[in-house]
Every structure is written in structure tokens, then in C-alpha cells.
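J.: Before anything else, here's the structure in question.
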Amino acid sequence: MLIQPARTEYEVVKVLVDRLGRFPDPTRIFVPGTHSAQPEATYLLMPTSFENDWTWKTPLPVTPAGARYVANLPDLEQPMPDRLKYFLKHLESPEVMIANDAYGEFAQAPYPEIRELRESLPRTKVRQWIDDEDTLVTRLGLYGILLGLSGREGDAHSLAQRIQKPTAPDEIRLGIDGIMAGYLLLKGEAGLPLIEERLRKKDTEPNYSEVFAAMKAVEFCWMYEESFPRDSLKQTQRLLLEHPDVADLAIITLSRWKDWTIQERLMEMYDQKEFDFPAIKRTIIRYFRICSKETDPSTGKPIQHALSAKQHLETLRSKDPERVQQVERFFRVE
């Protein structure tokens, strides 16, 4: 006997989006599986495939507001900043489905596209979202950047207070990286001392989620904000070398930024007990290998910091030959 697979029947009340004009005519859809759908409820059905046989995602309960939100979604061919203006209006919608979808669009949007919204951002609302204790902490990073793009001096003070909030060493500060980035967007180079204060090694145990967030905020400014002096950002990044938990990441970043001034400090770290971790030692070796390949663009000859890096590399080879050989075997210098 042939057993028919279970399926649930849905009546099509309204087609919200059909930009390709390919939605089938029938007014009823059969979705595989048994669903506990309420007869009078409304559900949102989205296709996973419509090449030959239409297949569907799990139906989602939808309110009239949610249906309107989906029906008015901007066309994918619109410029990203124009699309984001639509989602901006729904970031704090009382409808969870709408708010989550709008936030998801911002979460995957490149920062340069978000920056194009600078003149359209509702500064007062964004500030209220950040100050509201009911705002999801996972959204604070985005809102911090939005306030950094649209805010004023008073907003910078508010962000600074949030950054300086006392925290326990094991507290995870979700979103503080975006708050720090937004503060730096408002203050420019003048905001770096506050970030540096959070990075300086103190007598108390550091909050490493905060240290890592500060590192990401500084890297954000290096990548996207050319107005920041490069040397100032390098100086701030160097403070991370005092933190064993992130020292290897800091070394990688400084080598990418071609900061060759830390060679003596790295040689000291190599022999210090608090930095005696394989990842840090390998990263130090890689730093010297990369630096030793630097040449003068005009002559093609090695320059002074490359020669000193080569000497340091040979010193490490004499004291730790196996590890240096391992790094040379597995990490190429392009």
C-alpha cells in the first residue's frame, strides 16, 4: 500500500510580492509536513525554489502590519542606501519579525553604504534607542555607529559615559565595540585617549571583551575613516601588546599596518613568561619574517628595519630553531 506523505493545506489570501510574475495560479498551496496552523490565522509563505516545482519554507504567523512590511519591501535593484532608508524606519518596530528583519538588513550591509545615510538618520531616535534599557544589547553596536554618523558633542559625552561604565572582569559587553566606534566617529583623533585608557594595563584584571572591542573600534577607524592619522592609530594599537589574550592579534594587525617600530618590544615579549604561548611566539616570528622582506621601492634593496628584523629572526632561530622552522614551513610571505 502506498502511503501518502503528510502535508498541510493553505489557502492563498494575497500575493504580497511577485516581482518575477511567476507565482502559480492555484489558490491553495500544499506544504509538506503536519503544521499546527490555526484555521483563522494568517501565515507568511516564502518559496525556497520556483524553477519547476514550487517548494516552501516553514510558514510563519504574520500580522497585518507584518504583511504590509513584506508587501512594501524595496526592490533589490535599488541602490543599497535607498533600500536601507526603508529598513531604518522599522528597526525598533514593536513587531519582532519586522524589527529583526530590518536589523538583519543593516547587519549585512557594508559600512560605506550605511555611511551614505548620514543625512537621513534620526539622531534623536537613535540616541533614545541607545539610552533605553529595553533595547536589545545586540543592537547597541549598530546604533552606536549610527549615532556616530549623525550625532553632536552631547551625544559623544553620552557614549563616553557608557564606555567608562565600571564592569566586572568577566562581564561580556555586547555592542560596546560599536559604541566605541561611534564615539571615535564623533570625536576623531581627540577621542583616542579615552579608548587608550580602556587599553592600558591596570592593577585590576582587565575586561577582555572590552579590550577586544577597543581593538576592533581602532581597526574600524583605520579601515574606513581616512581622516584619522595613521601614526595615532598605530600608537593606540600598540597598547594591546601588553595584553596576552590579544597580543597575537595586535601583532598581526601592526604588521599589516607596516608598523616596524615594535621590534625590540617583541624580542622582550618572546622571553617573558606571561607571553609564553605558541600562538604569540609564532606570530612574532611571522612579524619578523614579513618585515625582513621589506625593500626600498626606489632601489629594491633592504632598508634598515628589514635588516634589523632579519637579525632578530636569526637570534630567534638560534634559541628556538624548531619553531622558526615550523613557521617558515607553513606560513609563506607574499
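J.: Report, by residue number, each residue of the stretch 144-202 that is open to solvent by less than 60 Å² (accessible area, probe 1.4 Å), in contact with a helix residue (DSSP H, G or I) (Cβ under 6 Å, 6 or more places away or on another chain) and at pLDDT below 90.
T.: Within the stretch 144-202, Arg173, Arg198, Leu199 qualify.
J.: Which pairs do you get when a residue that is without any contact (Cβ under 8 Å) to a residue 12 or more places away in the chain, found in the stretch 5-17, comes within reach of a residue that is assigned to a loop (DSSP other than H, G, I, E, B), reach meaning Cβ atoms under 7 angstrom, with the pair 6+ apart or on two chains?
T.: Correct list of pairs: Val15/Phe23.
J.: Continuing with the same structure: Is it the case that Pro244 is closer than 23 Å to Arg173 by Cα and outside any helix (DSSP H, G or I)?
T.: For Pro244, the condition - closer than 23 Å to Arg173 by Cα and outside any helix (DSSP H, G or I) - is met.
J.: How about the stretch 95-107: which of its residues are part of a helix (DSSP H, G or I) and either over 18 Å from the mean Cα position of the chain (by Cα) or over 13 Å from Tyr143 (Cβ atoms) (or both)?
T.: Listed by number, the residues that qualify are Val96, Met97, Ile98, Ala99, Asn100, Asp101, Gly104, Glu105.
J.: Here are the criteria: (1) at pLDDT below 85; (2) of a type outside the set (Ser, Thr, Tyr); (3) buried (at least 20 other Cβ atoms within 10 Å of the Cβ). Tell me which single one Glu210 does not satisfy.
T.: (1)
Residue-wise test of (1) open to solvent by less than 80 Å² (accessible area, probe 1.4 Å); (2) outside any loop (DSSP other than H, G, I, E, B); (3) in contact with a helix residue (DSSP H, G or I) (Cβ under 6 Å, 6 or more places away or on another chain); (4) free of Cβ contacts under 8 Å to residues at least 40 places away in the same chain.
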{"residue": "Ala67", "(1), (2), (3), (4)": "yes, yes, no, no"}
{"residue": "Asp75", "(1), (2), (3), (4)": "yes, no, no, no"}
{"residue": "Asp82", "(1), (2), (3), (4)": "yes, yes, no, yes"}
{"residue": "Phe87", "(1), (2), (3), (4)": "yes, yes, yes, yes"}
{"residue": "Ser93", "(1), (2), (3), (4)": "yes, no, yes, yes"}
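J.: Which is assigned by the TED database to the domain that holds Tyr183 and surrounded by 13 or more Cβ atoms within 10 Å (Cβ to Cβ), of Glu113, Glu133? Break it down stepwise before answering.
T.: Working: Glu133 fails: surrounded by 13 or more Cβ atoms within 10 Å (Cβ to Cβ).
Answer to the check: Glu113.
J.: Within the stretch 117-125, is there a residue that is in contact with a Ser or Thr (Cβ under 9 Å, 6 or more places away or on another chain), at pLDDT below 95 and either of a type in the set (Ser, Thr, Tyr) or under 20 Å from Glu210 (Cα atoms) (or both)?
T.: yes
J.: While we're looking at this one, here's another question. When the residues of the stretch 263-275 are narrowed to those that are under 31 Å from the mean Cα position of the chain (by Cα) and farther than 14 Å from Gln304 by Cα, which ends up surrounded by the most Cβ atoms within 10 Å (Cβ to Cβ)?
T.: Checked the stretch 263-275; the qualifying residue surrounded by the most Cβ atoms within 10 Å (Cβ to Cβ) is Leu266.
J.: Looking at this structure, is Val327 under 31 Å from the mean Cα position of the chain (by Cα), open to solvent by less than 10 Å² (accessible area, probe 1.4 Å) and in the same structural domain as Arg200 (by the TED database)?
T.: Judged against the criteria, Val327 is not a match.
The values are calculated or read from the model by the stated rules, or taken from the named source; none is laboratory data. Just so it is clear, the structure is predicted and the values come from calculations on it, not from any experiment. Note that each Cβ is placed from the backbone with ideal geometry, even for glycine, and that neighbours are counted across all protein chains shown. Side chains included, ligands, DNA and RNA excluded: accessible areas come from the protein's heavy atoms. Shrake-Rupley method; radii C 1.70, N 1.55, O 1.52, S 1.80 Å.
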